[in-house]
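Since the structure comes first, as structure tokens, the remarks are kept for the end.
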Amino acid sequence: PSSVLEESKETIHVAEVSGVNSDAGIVFSNLADKYIEHLEVSGRTETNTKKLKKMIENQFNPLIGDKVVNEMSYVDDMVPFIKIFQNTPGKSGKPRSQLTINRYGDYVNAIFNFGVAMGLTKVNPMRGRRKSREKPREIQLTVEDIKRIMECAEPHVRWAMEVCFNLGTRPGESELLALKWEHIDFEKSVARIYASKTKTYRIVPISPNLLEKMRSRMAESTSGYVVEYRGERIGMIRKGFRGACQRANINYPVRMYDLRHLFATTMLSKGADLAAVSKLLGHSMISTTTSHYYHCLEGEKERAVSLLPELV
């Protein structure tokens with residue numbers, strides 16, 4: 001009997017260490033760990049995986065990390081979870097935006113869906129959630145202000161901005177900072193850009209002016225990447241870009257991603273084909289381009305109506 005008791009205690013201890021209750025199931029923190037391992041072997045970028053892991057450890061686990069997923073519900077567990085983020089400030093001390101709160105909910109929902117798909121859990125406690133509508137972010141950046149920022153930017157940041165704006169890449173390591181010289185076809189004057197978000201390549205034409213600059217840059221490059229700093233690959237451009245904006249006295253919110261936005265809206269405002277712009281952006285559906293960019297074009301509806309002929 002004593003050996004059986006010890007064996008039972010050992011079984012309970014192992015279950016507690018692994019985060020699995022033999023009667024109820026796995027706890028959230030351990031399910032999240034397994035989800036991160038899944039992402040690591042599924043081709044996700046290391047930076048994005050690290051960010052999510054840190055978010056889970058700092059934001060999610062303190063609230064629901066020790067809860068058994070099969071015992072959780074949307075009303076009793078997830079509604080209070082979401083309310084905490086709505087009612088508490090973020091790192092900056094300012095209230096979290098609805099975009100951030102929705103993103104947190106999307107991540108947790110993905111973890112629960114993974115648990116159900118893998119047979120690790122029986123329920124998704126986020127089922128029944130309805131995301132709040134996000135207020136569209138107002139883009140104030142203009143081509144003139146881009147030039148002002150570039151004049152105040154360090155050489156590698158200025159070059160990164162020029163490439164980003166002319167090719168419409170997503171900034172960061174997913175596209176812009178992952179672009180290598182081997183992806184540039186100088187004979188055909190095109191860039192072959194891999195989008196880690198959609199897992200597809202897209203072909204973007206390169207203007208003659210940018211192509212000549214690229215020839216000169218490649219001759220001096222030692223890292224193999226189009227954008228580099230002191231001969232090394234860059235992992236992040238945000239800090240350098242923010243510093244350039246401050247020196248240029250840009251007094252409204254701006255981010256590197258706004259260059260991609262301006263890439264799209266500039267072409268659309270000049271009459272470029274919507275489907276062509278959608279392909280250049282790497283969107284899988286034209287509706288994505290329409291919902292993200294077309295609403296910014298003032299006067300387009302009026303211009304379209306003005307094309308109708310008079311009937312009388």
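The values are calculated or read from the model by the stated rules, or taken from the named source; none is laboratory data. Not measured: the values here are computed from a predicted model. A quick note on method: Cβ atoms are made from the backbone with ideal geometry, for glycine too, and the neighbour counts reach across all protein chains shown. For accessibility, only protein heavy atoms count, side chains too; no ligands or nucleic acids. Shrake-Rupley method; radii C 1.70, N 1.55, O 1.52, S 1.80 Å.
Here the condition is being open to solvent by less than 60 Å² (accessible area, probe 1.4 Å), part of a helix (DSSP H, G or I) and closer than 24 Å to residue 25 by Cα; of 61, 113, it holds for 61 alone.
So, residue 288, is that one open to solvent by 30 Å² or more (accessible area, probe 1.4 Å) and among the polar types (S, T, N, Q) or not? Yes. Only one of the listed residues (66, 76) is assigned to a loop (DSSP other than H, G, I, E, B), surrounded by fewer than 16 Cβ atoms within 10 Å (Cβ to Cβ) and of a type in the set (Asp, Glu). That residue is 66. Right, residue 147: assigned to a loop (DSSP other than H, G, I, E, B), without any contact (Cβ under 8 Å) to a residue 24 or more places away in the chain, open to solvent by 40 Å² or more (accessible area, probe 1.4 Å) and farther than 15 Å from residue 282 by Cβ or not? Considered against the rule, which asks whether it is assigned to a loop (DSSP other than H, G, I, E, B), without any contact (Cβ under 8 Å) to a residue 24 or more places away in the chain, open to solvent by 40 Å² or more (accessible area, probe 1.4 Å) and farther than 15 Å from residue 282 by Cβ, residue 147 comes out as no. Going through (1) under 28 Å from residue 241 (Cα atoms); (2) open to solvent by less than 50 Å² (accessible area, probe 1.4 Å) one by one, residue 103 falls short only on (2). Exactly one of these conditions fails for residue 279: (1) open to solvent by 30 Å² or more (accessible area, probe 1.4 Å); (2) closer than 19 Å to residue 142 by Cα; (3) charged (D, E, K, R). Give me its number. So the condition that residue 279 fails would be (2).
Among the criteria (1) on the phi > 0 side of the Ramachandran plot; (2) open to solvent by 10 Å² or more (accessible area, probe 1.4 Å), the one residue 168 does not fulfil is (2).
Restricting attention to the stretch 245-282, the residues that are free of Cβ contacts under 8 Å to residues at least 24 places away in the same chain and either over 26 Å from residue 147 (Cβ atoms) or assigned to a helix (DSSP H, G or I) (or both) add up to 8. Could you list, in sequence order, the residues of the stretch 207-243 that are over 19 Å from residue 182 (Cβ atoms) and under 21 Å from the mean Cα position of the chain (by Cα)? Once the filter is applied, which keeps residues that are over 19 Å from residue 182 (Cβ atoms) and under 21 Å from the mean Cα position of the chain (by Cα), the stretch 207-243 yields 235, 236, 237, 238, 239, 240, 241, 242. For the stretch 181-206, taking the residues that are open to solvent by 20 Å² or more (accessible area, probe 1.4 Å) and aliphatic (A, V, I, L, M), the one that is nearest to the chain's Cα centre (by Cα) is identified as 203. Of the residues contained in the stretch 292-299, one or more are found to be over 26 Å from the mean Cα position of the chain (by Cα), modelled with pLDDT under 90, surrounded by fewer than 16 Cβ atoms within 10 Å (Cβ to Cβ) and not in a strand (DSSP E or B). Take the conditions (1) open to solvent by 40 Å² or more (accessible area, probe 1.4 Å); (2) under 18 Å from residue 160 (Cβ atoms); residue 262 misses just one of them, which is (1). Of all the criteria given as (1) crowded, with 17+ Cβ neighbours inside 10 Å; (2) under 18 Å from the mean Cα position of the chain (by Cα), the one not satisfied by residue 124 is (2).
Within the stretch 145-157, does at least one residue satisfy the condition of being of a type in the set (A, V, I, L, M, F, W, C) and in contact with a Ser or Thr (Cβ under 8 Å, 6 or more places away or on another chain)? Among the residues of the stretch 145-157, not one is of a type in the set (A, V, I, L, M, F, W, C) and in contact with a Ser or Thr (Cβ under 8 Å, 6 or more places away or on another chain), which makes the answer no. For the stretch 217-255, the candidate set comprises residues that are surrounded by 15 or more Cβ atoms within 10 Å (Cβ to Cβ) and touching a Cys at 6+ places or on another chain (Cβ under 7 Å); within that set, the residue that is modelled with the lowest pLDDT is 254.
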